[in-house]
Amino acid sequence: MLKKLFSLIFIFTLLVACSENEIQSKSIEWEKYINSKYGFSVNYPPEWTIGEESDNEDGINLYVGNPDVHILTYASYYMEDISNPYENAENNGFDIQRITLDNDKSAELIIGNIDEKVHYELVFIENDIIYNVNAEVSKSFFEKNEAILLKVVKSLDTL
């Protein structure tokens, strides 16, 4: 009887330990870039090395160290008659999908190919400001990291 009790305690302890490890691995916090000029934030994986904020403080390079990977986030005042990202996307034959961000707001995700790279761009317009997360990455990087890129773009939030 005592052996069975110890066996049950051992199994229970093992299950609790496994659950704690699983919870810890799922709760690894991503880093957060906050842009105070335009009032927005984007989350990114902690293993990414980000660049310095641009001189005009409109955004940042979220991934430095690989010449085949360009992932930027930035914002600017939106003037539809001067620059329309949807027209540009349509002219290049890109797909435009409506997605829901983590904050439950709707945005557009533009996806297409430019030369040997994948163009993956979130466009969110609110209060005359256009917010972007723009990735131009190699096809192999995209295939390995598509879920991560989607998580990054969906994390865009306005403050």
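Bear in mind these aren't lab numbers, they're just calculated from the coordinates by the rules spelled out. Computed from a predicted structure; not experimentally measured. In this analysis, Cβ positions are derived from the backbone assuming ideal geometry, glycine residues included, and neighbour counts consider all displayed protein chains.
Details
- Hz values of 3J(HN,Hα) by residue in the range 30-46 - Karplus curve (6.51, -1.76, 1.60), Gly and Pro given as x: 7, 6, 10, 8, 10, 9, 7, 5, 9, x, 9, 9, 9, 8, 8, x, x
- The range 38-109 versus the range 111-159: alpha-carbon centroid distance in Å: 6 Å
- Projected label distance in nm at residue 127 and residue 70, using a 7 Å step from Cα toward the beta-carbon: 3.0 nm
- Computed on the range 46-110, with alpha-carbon pairs under 8 angstrom and 6+ residues apart, the relative contact order is 17 percent.
- Pairwise label distance in nanometres, residue 56 with residue 30, each label 7 Å out on the Cα-Cβ vector: 2.6 nm
- Here r is the Cβ-Cβ distance between residue 82 and residue 103 and R0 is 25 Å; the resulting FRET efficiency, rounded to 0.05, is 0.35.
- Karplus-based coupling profile of the range 137-145, in residue order and whole Hz: 9, 5, 4, 5, 4, 4, 4, 6, 10, with θ = phi - 60° in 6.51 cos²θ - 1.76 cosθ + 1.60 and x standing for Gly or Pro.
- Solution diffusion estimate, µm²/s, Stokes-Einstein, the range 30-158, Kirkwood Rh from C-alpha pairs, 10 °C, viscosity 1.306 mPa s: 107 µm²/s
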